[in-house]
1. On a full-extension model of 0.36 nm per residue, what is the gain between residue 13 and residue 55, subtracting their alpha-carbon distance, rounded to one decimal in nm?
2. How would you rank 72, 15, going from fewest to most other Cβ atoms within 10 Å of each one's own Cβ?
3. Answer rounded, prolate or oblate for segment 75-119, using the Cα gyration tensor with square roots of eigenvalues a ≥ b ≥ c: rounded when a/c is under 1.5, else prolate when a/b is larger than b/c, else oblate.
4. Counting alpha carbon pairs within less than 8 Å and at least 6 residues apart, what relative contact order, in whole percent, applies to segment 32-131?
5. Report, in deg cm²/dmol and to the nearest 500, the calculated mean residue ellipticity at 222 nm for the chain, where each DSSP H run with n ≥ 4 adds -39500 (n - 2.57) and the sum is divided by the residue count.
6. With the convex hull built on the Cα atoms of the chain, state its orientation-averaged projected area in nm².
7. What shape does segment 88-174 have by the C-alpha gyration tensor, where a ≥ b ≥ c are the square roots of the eigenvalues, rounded means a/c under 1.5, and otherwise prolate means a/b greater than b/c and oblate the rest?
8. Only counting other Cβ atoms within 10 Å, I'd like 57, 166 sorted with the fewest neighbours first.
């Protein structure tokens, strides 16, 4: 009778990372803390959530290394507050099947809040060879990495980018091409 190989610690870590990133709310928290350290209370306020709701998510992201606690500070009433800053580790995290749905849902929530005048969108259908597709995806990845590597401008305008591509199965010809 076959048996499953035991998971390695790397496999378990990847699975834990995938679970941590498998939440729309957590993806939104990471985006909020991308270039500004925020406390759980500040995060909850910006997302219109109860701090108790966001606390578990903030802790999970911090435990997995996606959020880094910053220097403790005192709040308006003297309470201890810990602000968190995104580590940008999620950009390099392995992708798991179905991860795109969380990204799409998080983006759609953010898009619904965006001023319409700030939205730029395009939709394009192409028919490419496998080689042309690979070259195109390499170029897109390079552009996204270049943007990710730019140092944040503290006085700059925050933008959110989303890129998705998929096979357009409804456009397949009868011969399967």
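None of the figures in this text is laboratory data; all of them are computed from the coordinates on show. Small disclaimer: the values here were computed from a predicted structure and weren't measured. FYI the Cβ positions are ideal-geometry reconstructions off the backbone, even for glycines, and counts take in every protein chain you see.
1. Values: separation 42, 0.36 × 42 = 15.12 nm, distance 2.16 nm.
Gain on stretching residue 13 to residue 55: 13.0 nm.
2. Details: 72 10, 15 13.
Listed from fewest to most nearby Cβ atoms, that is 72, 15.
3. Values: a/c = 2.92, a/b = 1.37, b/c = 2.13.
Because a/c hits 1.5 or more and a/b fails to exceed b/c, segment 75-119 counts as oblate.
4. Values: 82 pairs, mean separation 23.9, N = 100.
Once normalised by length, the contact order is 24 percent.
5. On the way: 6 runs with 77 residues, N = 177.
Taken over the chain, the calculation gives -13500 deg cm²/dmol.
6. Values: hull surface 64.9 nm².
So the Cα hull casts an average projection of 16.2 nm².
7. Numbers: a/c = 1.77, a/b = 1.48, b/c = 1.20.
Taking the square roots of the gyration eigenvalues as a ≥ b ≥ c, segment 88-174 is prolate.
8. Numbers: 57 23, 166 6.
Taking fewest neighbouring Cβ atoms as first place, the list is 166, 57.
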